[in-house]
């Protein structure tokens with residue numbers, strides 16, 4: 001049962017090393033331990049890398065759940081989930097076993113040195129906006145556009161539907 005302290009959050013997951021679907025599953029299970037109620041998931045998409053391009057393709061998805069953790073507590077837990085999956089940060093946009101990014105925390109905007117919410121680059125990334133629009137197509141973002149409208153205007157090149165696993 002939800003309480004007034006429960007905050008709706010959206011967290012993106014990505015993996016392009018090793019057993020990609022295994023790492024996504026591990027992350028969904030770990031996030032479930034932070035959630036009040038069930039974790040809702042988008043479909044999984046295989047996507048071309050952004051930034052550093054000489055690396056394997058990613059599997060990406062978005063999760064939605066309610067939590068009572070503060071934004072910084074949730075960030076710390078996201079980093080812990082990455083570390084449990086063996087995430088190494090050797091260089092920006094490099095290969096990774098697991099990437100866990102906090103996209104949205106309630107309806108607010110958060111700006112800390114270590115955390116910006118909404119995630120500052122999500123609006124330009126089809127691999128984030130397409131699965132996010134699955135979970136909340138009518139929610140409004142930049143310029144008052146719905147998430148579905150934002151996803152629709154982004155190029156779908158390099159984003160391929162894989163399937164639903166949860």
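Values for this structure:
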read-out	value
Subset of region 82-119 (residues that are under 19 Å from residue 20 (Cα atoms) and assigned to a loop (DSSP other than H, G, I, E, B))	85, 86, 87, 88, 89, 90, 93, 94, 95, 96, 97, 98
Residue in region 61-69 that is surrounded by fewer than 14 Cβ atoms within 10 Å (Cβ to Cβ) and modelled with pLDDT of 95 or more present	no
Odd one out for residue 122, checked against (1) in contact (Cβ under 8 Å) with a residue 24 or more places away in the chain; (2) surrounded by fewer than 19 Cβ atoms within 10 Å (Cβ to Cβ); (3) under 17 Å from residue 44 (Cα atoms)	(2)
Given (1) under 23 Å from residue 114 (Cα atoms); (2) touching a helix residue (DSSP H, G or I) at 6+ places or on another chain (Cβ under 8 Å); (3) in a loop (DSSP other than H, G, I, E, B), number of the condition residue 38 does not satisfy	(1)
When residues of region 87-96 are limited to those that are surrounded by fewer than 15 Cβ atoms within 10 Å (Cβ to Cβ) and free of Cβ contacts under 8 Å to residues at least 40 places away in the same chain, the one nearest to residue 30 (Cα to Cα)	88
Lone qualifier among 132, 74, 79 - being under 15 Å from the mean Cα position of the chain (by Cα), modelled with pLDDT of 95 or more, surrounded by fewer than 18 Cβ atoms within 10 Å (Cβ to Cβ) and in a helix (DSSP H, G or I)	79
Cross-chain or 6+ apart pairs with Cβ under 6 Å, region 64-80 first and within 13 Å of residue 9 (Cα to Cα), then exposed (fewer than 14 other Cβ atoms within 10 Å of the Cβ) and at pLDDT 95 or above	66/37
Residue that is nearest to the chain's Cα centre (by Cα) [pool: residues in region 41-55 that are assigned to a loop (DSSP other than H, G, I, E, B) and either modelled with pLDDT of 95 or more or crowded, with 20+ Cβ neighbours inside 10 Å (or both)]	42
Per-region count, region 1-35, residues assigned to a loop (DSSP other than H, G, I, E, B), surrounded by fewer than 16 Cβ atoms within 10 Å (Cβ to Cβ) and either modelled with pLDDT of 95 or more or touching a helix residue (DSSP H, G or I) at 6+ places or on another chain (Cβ under 8 Å) (or both)	2
Inter-residue pairs, beta-carbon under 9 Å, first at positive phi and in region 139-165, second assigned to a loop (DSSP other than H, G, I, E, B), 6+ apart	158/48; 158/49; 158/50; 158/57; 163/43
Every residue from region 137-166 that is at pLDDT 95 or above, surrounded by fewer than 19 Cβ atoms within 10 Å (Cβ to Cβ) and closer than 28 Å to residue 76 by Cβ	139
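The values are calculated or read from the model by the stated rules, or taken from the named source; none is laboratory data. Just so we're clear, the structure is a prediction, and the values are computed from it rather than from any experiment. Reconstructed Cβ throughout: ideal geometry from the backbone, glycine too, with neighbour counts over all protein chains shown.
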